[in-house]
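*Asks:* One structure coming up, written as structure tokens, with questions to follow.
The values are calculated or read from the model by the stated rules, or taken from the named source; none is laboratory data. In this text the structure is predicted, and so the values were computed from the model without any measurement. Methodologically, a virtual Cβ is constructed for each residue, glycine included, from the backbone with ideal geometry; neighbour enumeration extends over all protein chains shown. What goes into the accessible areas is simple: the full protein's heavy atoms, side chains included, and nothing from ligands, DNA or RNA. Shrake-Rupley method; radii C 1.70, N 1.55, O 1.52, S 1.80 Å.
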Amino acid sequence: MKPMKDRIYLSSPHIGNLEQQYVQEAFATNWIAPLGPHVEAFEKSLEGYLGANSKIAALSSGTAALHLALILLGVSKGDEVLCQSMTFSASANPIVYQGATPIFIDSEAETWNLCPEVLESTIKDRIAQGEKPKAIIAVDLYGMPFQADEIRFIASKYQIPLIEDSAEALGSSYKGQKCGTLGDLSILSFNGNKIITTSGGGALVARNSEFKEKAIFLATQARDQAPHYEHSHIGYNYRLSNVCAAIGRGQMEVLEERVAQRRSNHQFYKKLLAGAEGITVFSEPSGNFFSNHWLTCILFDPKHSKATPEALRLALDKDCIESRPLWKPMHLQPVFKQYPYYGASVAENCFKNGLCLPSGSNLSDREKERIALIIKQMLG
Ligand SMILES: *Cc1c(COP(=O)(O)O)cnc(C)c1O
């Protein structure tokens, strides 16, 4: 038997120099709790990075942040929420937690995010049917900002609050404005596979302290002011722990470095695939978009490419290299099939013809050589 090669992952955690020191501080001071000095320091650090108008509530996950965003906007049973179909299921699940109805919307081909034309025609149609949607969820998929001017124009024209799912896009920006600040409310994720990680965690980004305080109140079991435990609201256990926040503080100090490393992976694939027939590397459509290139994705033109996405995936896998199909749209998921879908087949075609390539910020040159070898064999 041949010795197993080290597996190359799609996107693995990449720890800097300070995380352990901060975590040790949490132990030394016995703040092993879902509160403590690191949580506030981590929030301050994110607020400093995202800028003056950002008020952060650090939470246990990006999914929890989306759930609280919907609650803060008053989304409840019977309401409709418009949601990008091409995304990870966590963008849509919290709509169902609230007993509301997700209405899925197709992407446009440039950023793979919410299509402005379909968004507007959907809003008109739902209003005509007697139901004005309660919120819009737009995603910055794979780190690529959505068409923020167009989407925000429509959201404000119809006065529907916009939630930005920026779970994959910390470090990206649109016309110089940072992702994580593009919505009325935005969310971030620090799951293990994201651009920076707290092992597990997320954040709600609000535009004012009132929403931040409300989110923290709900995330800590909605305890009213009283010496005993008094409750007048349903609460959640969604706060980030002090230990996880300690990791986050260390990660914030290497964020810019991580963005540069992921962007350099993207450059590596662009160069590698420059001559490959029928292959497009998913890239920024114009200078207005700055992507952290969380994952580098490629799209196959089935008429001209030398292999299929699945053949490449299997060839990479055989050499212990992980790659993955693009997000399968929500309107094609069994669990969401009963909900309305608006649009054509942009998202579906991406799913059929795309592949995410290994994109960790810790990919070594040696690993890139292994990847290049297989890709050249299959597509070159
Ligand atoms: C990861 C992710 C989430 C969920 O974040 P968690 O922290 O894992 O709960 C939501 N939306 C998108 C697009 C994601 O990639």
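*Asks:* Taking only DSSP H segments of four or more residues, each worth -39500 (n - 2.57), what value at 222 nm results for the chain once the sum is divided by all its residues, to the nearest 500 deg cm²/dmol?
*Replies:* Details: 12 runs with 136 residues, N = 380.
Theoretical 222 nm ellipticity from helices: -11000 deg cm²/dmol.
*Asks:* Over the chain, with every protein chain in place, what whole percent of the accessible area is carbon and sulfur at 1.4 Å, could you tell me?
*Replies:* Details: 8690 of 16450 Å².
Answer for the chain is 53 percent, counting heavy atoms of protein chains only.
*Asks:* For LYS175, what charge total do you get from the other residues with a beta carbon under 14 Å from its beta carbon, if Lys and Arg give +1 and Asp and Glu give -1?
*Replies:* Working: positive: ARG152, LYS178; negative: ASP140, ASP149, GLU150, GLU284.
Value of the local net charge: -2.
*Asks:* How many Å² of accessible area per residue for the chain, probe 1.4 Å?
*Replies:* Values: 16450 Å² over 380 residues.
Result: 43 Å² of accessible area for each residue.
*Asks:* Within the set of other residues whose C-beta is less than 12 Å from the C-beta of GLN377, count the net charge using Lys and Arg as +1 and Asp and Glu as -1. Display every interim value, and only then the final one.
*Replies:* Values: positive: LYS306, LYS318, ARG370, LYS376; negative: ASP319.
Every neighbour counted, the sum reads +3.
*Asks:* Distance check, please: which entries in LYS214/LYS328; LYS194/LYS368; LYS44/LYS77 exceed 28 angstrom between their Cα atoms?
*Replies:* LYS214/LYS328; LYS44/LYS77
*Asks:* From the Cα gyration tensor of segment 256-379, with a ≥ b ≥ c the square roots of its eigenvalues, which class applies: rounded if a/c is under 1.5, or else prolate if a/b is larger than b/c, or else oblate? Write out the running numbers ahead of the final one.
*Replies:* Details: a/c = 1.70, a/b = 1.36, b/c = 1.25.
Taking the square roots of the gyration eigenvalues as a ≥ b ≥ c, segment 256-379 is prolate.
*Asks:* Let me ask something additional. Distance between Cα centroids, segment 27-63 to segment 325-377: provide it in whole Å.
*Replies:* 32
*Asks:* Cβ neighbours within 10 Å, averaged per peptide: list 264-270, 326-332 in order, most packed at the top.
*Replies:* Most protected by this proxy first, the peptides run 326-332, 264-270.
*Asks:* Also, I was wondering about something else. Take every Cα-Cα pair in the chain and report what % of them are more than 40 Å apart.
*Replies:* Working: 11125 of 72010 pairs.
I get 15 percent for the Cα pairs in the chain exceeding 40 Å.
*Asks:* Looking at segment 107-190, which trypsin sites (Lys or Arg not before Pro) are DSSP coil and have at most 13 other C-beta atoms within 10 Å of their C-beta? If you can, show how the numbers build up before the last one.
*Replies:* Working: sites: LYS124, ARG126, LYS134, ARG152, LYS157, LYS175, LYS178; in loops: LYS134, LYS175.
Sites meeting the loop and neighbour criteria: LYS175.
*Asks:* Follow-up. So which trypsin sites (Lys or Arg not before Pro) in segment 273-329 end up in coil per DSSP with only 14 or fewer other C-beta atoms within 10 Å? Walk me through the numbers before you get to the answer.
*Replies:* On the way: sites: LYS303, LYS306, ARG313, LYS318; in loops: LYS303, LYS306.
Loop-located and lightly packed - LYS303.
*Asks:* Under a point-charge model restricted to the Cβ atoms of Lys and Arg (+1) and Asp and Glu (-1), what is the dipole moment magnitude of the chain relative to its Cα centre, in debye to the nearest 20?
*Replies:* On the way: 38 positive and 40 negative charges, 146 e Å.
Approximately 700 debye in magnitude.
*Asks:* Oh, and also: Rounded if a/c is under 1.5, else prolate if a/b is larger than b/c, else oblate: which is segment 77-116, with a ≥ b ≥ c the root eigenvalues of its Cα gyration tensor? Intermediate values should be presented prior to the final figure.
*Replies:* On the way: a/c = 4.56, a/b = 2.06, b/c = 2.22.
Since a/c reaches 1.5 but b/c is at least a/b, the shape of segment 77-116 is classed as oblate.
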